[in-house]
Amino acid sequence: MIGRQKTYRVQLTEEEKKLLQQQALARKTGQSKARRAKIIIKVEENPDWTDAQIAGEIGCSSGLVRKWRKRWCQTRSLEEAPRPGRPCLFQAIVKAQATAFALRVAAGIACSKPTDFDIPLARWSCSDIAAHLVTLGIVVSIATSTVWRWLKSERIKPWRFHTWMHRIDDNFVEKATPVLRLYAQAKFLLSAGFWVVCVDEKTSIQARRGLHPNKAAGVNQPVHSAARYVREGATHLFAALSVAEGLIYGCCSPTKTFLDFQAFIISVLIPEAIGRGVRHIYLILDNGSTHARMALRKAQRLVLPRSQPLGWECIQRGSASRQPSGGGASQNPFPAWRLGTSQGKGYIFS
């Protein structure tokens, strides 16, 4: 007895069959699409099978087999049909106003204070923007997720910002030029015997000792570290950056005074400078009280013998005063771009 003929009979070309087999076996193909490809291949190979037989072979429902048999005959595609989704509640002008407001907010946070908008916030979030849209009367109500979706489509993130230093000194260029020139010519100066070093300190670093040891990493497992710890006091880090090479020299101290800074210079930088064979050191410092330049001048004379031709110059970041002095007729080579040497027994300080 001949049963009812199927309305949608699948016939594949060699190219279509090869493409479906590739999609069914490929590792990166989604599981739903791979199942659809297997259904179409099995339907074409067994035209007399019922949908239930094919579903049992594939491991799916007979309704899914009927759906994709019909869909393939109509579209020759394994892609999902477009879904209309929920009807749009907001007009395009509302979305434009929201995104324009977000752009203005993003620029405002970067260039001015949040209080300029009469809102006491440090930064904007999607919920804040949604609430402000309602306050302005643009919409009666709006979900936070809607605002997030609009901003994502426009690639706007007003809650993110970058900070920078504003120039507040009229003589900023004049004061910054010596430091910038030293940084730009650090490698050239080092080859001529002039070492550019930037010195600073990191204060009050907490020393913490974990109560439990870390667990080693395993297969598909990262290193596990316990969150509980015991405070072991605080320490201060003195560090120096060799600008030409990016090397960092440092030591820790329980206190942060000029004597500690002096000890760092004497025990770390001076031996390294002598080992390098440099003739002159440019110390770039900030305006902190730890860097007492006059006291540093006395310390250098106590440490170095007069036969050691090692010159110094301390340049303060953010200060135009560079006052080389010392016990002899040393020349300051950098401002005039003359790579001179410390002459005789003199030393350069500031």
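The values are calculated or read from the model by the stated rules, or taken from the named source; none is laboratory data. Model, not experiment: these values are computed from the prediction. Methodologically, a virtual Cβ is constructed for each residue, glycine included, from the backbone with ideal geometry; neighbour enumeration extends over all protein chains shown. The protein model used for the area step is the full one, side chains on, heavy atoms only, and it has no ligands, DNA or RNA in it. Shrake-Rupley method; radii C 1.70, N 1.55, O 1.52, S 1.80 Å.
Take Thr163 and tell me if it is open to solvent by 100 Å² or more (accessible area, probe 1.4 Å), polar (S, T, N, Q) and under 28 Å from Gly246 (Cβ atoms). Can you show your working first?
Values: open to solvent by 100 Å² or more (accessible area, probe 1.4 Å): yes; polar (S, T, N, Q): yes; under 28 Å from Gly246 (Cβ atoms): yes.
Criteria met by Thr163.
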Next on the checklist: Where the second residue is charged (D, E, K, R) and part of a loop (DSSP other than H, G, I, E, B) and the first is touching a residue at least 12 places away in the same chain (Cβ under 8 Å) and lies in the stretch 66-86, which pairs have Cβ atoms under 8 Å and are six or more apart or on separate chains?
Outcome noted: Arg69/Lys6; Cys73/Arg9
Checklist entry - When you scan the stretch 251-309, how many residues do you find that are modelled with pLDDT under 85, in a helix (DSSP H, G or I) and either exposed (fewer than 15 other Cβ atoms within 10 Å of the Cβ) or in contact with a Cys (Cβ under 8 Å, 6 or more places away or on another chain) (or both)? => result 8
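Looking at the stretch 31-78 only, could you name the residues that are charged (D, E, K, R) and touching an Asp or Glu at 6+ places or on another chain (Cβ under 7 Å)? I'd like the intermediate steps shown before the answer.
The initial filter retains those residues of the stretch 31-78 that are charged (D, E, K, R), namely 33, 35-36, 38, 42, 44-45, 48, 51, 57, 66-67, 69-71, 76.
Once the filter is applied, which keeps residues that are charged (D, E, K, R) and touching an Asp or Glu at 6+ places or on another chain (Cβ under 7 Å), the stretch 31-78 yields Lys42, Arg66.
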Checklist entry - How about the stretch 116-135: which of its residues are in contact (Cβ under 8 Å) with a residue 12 or more places away in the chain and either loosely packed, with under 12 Cβ neighbours inside 10 Å or part of a loop (DSSP other than H, G, I, E, B) (or both)? => result Ile119, Arg123, Trp124, Ser125
Checklist entry - Taking interchain pairs and intrachain pairs at least six residues apart, which have beta carbon atoms under 9 angstrom, with the first residue in the stretch 198-211 and more than 17 Å from Leu283 (Cα to Cα) and open to solvent by less than 40 Å² (accessible area, probe 1.4 Å) and the second of a type in the set (Gly, Ala, Ser) and assigned to a strand (DSSP E or B)? => result Ala207/Gly233; Ala207/Ala234
